[in-house]
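Enquirer: Submitted below is the structure of interest, expressed as structure tokens.
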Amino acid sequence: MSQAADSSEAERETRPAFDATLGLGSNIGDRVGNIEDAIRRLTADGVVRVVSRSRYYRTAPWGVTDKDWFVNACLAIQTDA
């Protein structure tokens, strides 16, 4: 095995399980569809990978309360950047 391969393997072994967590939410139109579209766009080029994700959950609007409820989800992601 080359030194580059050894280095890359060692980096993967010491790398955290995820790089970031993201909170996503929508209260307009197809709320679940909007979140799914956001995930597709985030992962389209392969630089961002979803490590894990929450279930969908609803939350009441805050501040301007005469709007539709939000659908939310959280992602743990890993990046190549």
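Enquirer: Sort 53-64, 68-79, 20-31 by packing, meaning the average of other beta carbons within 10 Å per residue, with the highest value first.
Expert: The peptides rank, most packed first, as 68-79, 20-31, 53-64.
Enquirer: Along its principal axes, what span do the Cα atoms of segment 26-78 show, with the longest given first and each in whole Å?
Expert: Reported extents, whole Å, longest axis first: 39, 18, 16.
Enquirer: At 0.36 nm per residue, minus the direct Cα-Cα distance, what do Thr65 and Asn27 gain on full extension? Give it in nm, one decimal, please.
Expert: Going from the current span to full extension adds 12.5 nm.
FYI, it's all coordinate maths here, none of it is from the lab. Here the structure is a predicted model, which means the values were calculated and not measured. Cβ atoms come from the backbone with ideal geometry, glycine included; neighbour counts cover every protein chain shown.
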